[in-house]
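Chemist: I have a structure here, written as structure tokens, and I will follow up with some questions on it.
The values are calculated or read from the model by the stated rules, or taken from the named source; none is laboratory data. This one's a predicted model, so the numbers in the text were calculated from it and none came from an experiment. Cβ sites come from the backbone with ideal geometry, for glycine too, and all protein chains shown count toward neighbours. These area figures cover heavy atoms from the full protein model, side chains too; ligands, DNA and RNA do not enter into them. Shrake-Rupley method; radii C 1.70, N 1.55, O 1.52, S 1.80 Å.
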Amino acid sequence: MEQAIMAAEKGTKKSHEIVSVYIMGKKYDVPSQLTIQKAMEYAGYQLIRGCGCRGGICGACATVYRFPGDYRIQVGLACQTIVKPDMHIAQIPFFPANKAIYAIEKLEATGDTLASFYPEIFKCFGCNTCTKSCPMDIDVMEYMSQAIRGDVARVAELSFDCVMCGLCSARCPAEQVQYQVSILCRRLYGRYLAPSPAHLDEAVTAVKEGRFERQLRELMTKGVNEFKKLYTDRAVEPDMAEESWKPPKREDLPSAEY
Ligand code: SF4
Ligand code: SF4
Ligand code: FES
């Protein structure tokens with residue numbers, strides 16, 4: 001139950017509400033504005049596993065929780081989910097989900113490739129539990145349907161925001177590894193289907209032809225501080241730059257013709 005306690009922080013005017021949560025079954029009183037991750041640390045846990053970026057990107061902090069009187073298990077990323085009164089919290093451990101090993105350069109971007117590594121995709125029976133479990137609001141069931149249809153590009157597009165937290169897989173009654181299927185599709189898409197950006201091809205060609213050699217040799221002669229200053233002062237492409245944007249100083253260019 002939520003405690004109506006306002007705890008003044010020592011030496012400051014800041015105050016915050018304290019709520020009771022249950023971490024691995026044990027009760028702790030923690031400030032209400034904390035994420036689950038910070039509340040666990042406030043309670044004395046040292047996070048060695050189940051913690052990475054702390055910014056909702058790495059997917060390491062998959063967590064399940066439930067409230068008394070509610071039969072439903074809820075899920076979230078511990079670094080992104082704010083504690084609520086009476087939350088019963090447990091972080092899920094690593095579990096050995098199916099993971100195919102492959103050399104991407106030897107594959108084809110087809111449905112047969114997906115089926116050969118993950119034949120279990122055809123056992124999906126469309127319950128949508130995976131979608132409801134996803135903290136990134138991805139339509140997981142839909143991308144699994146597209147995987148069954150063999151539409152690699154569509155799976156890659158629909159799953160673009162996946163952080164590989166594994167919550168969809170942890171809850172799937174058909175024991176799918178949705179995030180492994182989808183990262184295979186994103187890899188296949190990047191390798192075989194995505195349009196090749198002309199300016200990148202041009203830059204790679206310039207590197208291969210040695211047109212940066214003079215600048216690289218010059219950089220190798222600089223001291224650390226001068227090197228840092230050069231880096232800080234370098235010409236940076238603006239966010240909304242035209243396709244034709246080039247660094248303004250000629251000496252930033254690899255050669256007159258590039
Ligand atoms: S939870 Fe599993 S069985 Fe249900 S829709 Fe998702 S992939 Fe299919
Ligand atoms: S698709 Fe699955 S692994 Fe990816 S973010 Fe959603 S729940 Fe996590
Ligand atoms: S610690 Fe990386 S997503 Fe939470």
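Chemist: Which of the residues that make up the stretch 172-198 are in a helix (DSSP H, G or I) and surrounded by fewer than 12 Cβ atoms within 10 Å (Cβ to Cβ)? It would help to see each step written out before you state the result.
Modeler: Looking only at the stretch 172-198, we keep the residues that are in a helix (DSSP H, G or I), and these are 178-193, 198.
Within the stretch 172-198, Ala198 is the sole residue that qualifies.
Chemist: Restricting to the stretch 66-103, what's the tally of residues that are within 15 Å of ligand 2 (Cβ to nearest atom), in a strand (DSSP E or B) and touching a Gly at 6+ places or on another chain (Cβ under 8 Å)? Spell out how you get there, then give the answer.
Modeler: Within the stretch 66-103, the first condition is being within 15 Å of ligand 2 (Cβ to nearest atom), and the residues that meet it are 73-81, 91-92, 94-95, 97-99.
Of the ones still in play, those that are also in a strand (DSSP E or B) are 74-77, 91.
Cutting the leftovers down to touching a Gly at 6+ places or on another chain (Cβ under 8 Å) gives us 77, 91.
Adding up the residues that qualify gives 2.
Chemist: Specify the residue that is nearest to Gly25 (Cα to Cα); the eligible residues are those in the stretch 66-86 that are within 16 Å of ligand 1 (Cβ to nearest atom) and hydrophobic (A, V, I, L, M, F, W, C). Talk me through it step by step, then tell me what you get.
Modeler: From the stretch 66-86, those within 16 Å of ligand 1 (Cβ to nearest atom) are 72-75; that's our starting set.
Now drop any that are not hydrophobic (A, V, I, L, M, F, W, C), which leaves 73, 75.
Values: Ile73: 15, Val75: 16 Å.
Out of the qualifying residues, it is Ile73.
Chemist: Search the stretch 39-65 for residues that are within 16 Å of ligand 1 (Cβ to nearest atom) and pair each with any residue that is open to solvent by less than 30 Å² (accessible area, probe 1.4 Å) and in a loop (DSSP other than H, G, I, E, B) when their beta-carbon atoms are under 8 Å apart and the residues are at least 6 apart or on different chains.
Modeler: The qualifying pairs are Ala62/Gly50; Ala62/Ala78; Ala62/Cys165; Ala62/Gly166.
Chemist: Where residues in the stretch 18-38 are under 21 Å from Phe95 (Cβ atoms) and without any contact (Cβ under 8 Å) to a residue 60 or more places away in the chain, which of them is surrounded by the most Cβ atoms within 10 Å (Cβ to Cβ)?
Modeler: Taking the stretch 18-38 and keeping what is under 21 Å from Phe95 (Cβ atoms), we get 23-25, 36-37.
Still in the list and also without any contact (Cβ under 8 Å) to a residue 60 or more places away in the chain: 36-37.
On the way: Ile36: 25, Gln37: 22.
Among them, the one singled out is Ile36.
Chemist: Here are some conditions: (1) of a type in the set (Val, Ile, Thr); (2) open to solvent by less than 80 Å² (accessible area, probe 1.4 Å); (3) modelled with pLDDT under 95. Ile48 meets all but one. Which one does it not meet?
Modeler: Exception for Ile48: condition (2).
Chemist: Same structure, new question: For the stretch 96-112, state whether one or more residues are among the hydroxyl-bearing types (Ser, Thr, Tyr), open to solvent by 70 Å² or more (accessible area, probe 1.4 Å), farther than 20 Å from Ile23 by Cβ and away from ligand 3 (no atom under 16 Å from the Cβ). Show your work before the answer.
Modeler: So the first thing to find is which residues in the stretch 96-112 are among the hydroxyl-bearing types (Ser, Thr, Tyr), and the list is 102, 110.
Next, from what is left, pick out any that are open to solvent by 70 Å² or more (accessible area, probe 1.4 Å): none.
No, the stretch 96-112 contains no residue that is among the hydroxyl-bearing types (Ser, Thr, Tyr), open to solvent by 70 Å² or more (accessible area, probe 1.4 Å), farther than 20 Å from Ile23 by Cβ and away from ligand 3 (no atom under 16 Å from the Cβ).
Chemist: With the requirement that a residue be crowded, with 17+ Cβ neighbours inside 10 Å and away from ligand 2 (no atom under 13 Å from the Cβ), what does the stretch 51-65 give you?
Modeler: Cys51, Arg54, Tyr65
Chemist: Taking the condition part of a helix (DSSP H, G or I) and β-branched (Val, Ile, Thr), does Val155 pass?
Modeler: yes
Chemist: Oh, and also: Scan the stretch 124-145 for residues that are among the polar types (S, T, N, Q), in contact with a helix residue (DSSP H, G or I) (Cβ under 7 Å, 6 or more places away or on another chain) and open to solvent by 20 Å² or more (accessible area, probe 1.4 Å) and jot them down.
Modeler: First, the residues of the stretch 124-145 that are among the polar types (S, T, N, Q): 128-129, 131, 133, 145.
Subset that is in contact with a helix residue (DSSP H, G or I) (Cβ under 7 Å, 6 or more places away or on another chain): 128-129, 131, 133.
Result: Asn128, Thr129, Thr131.
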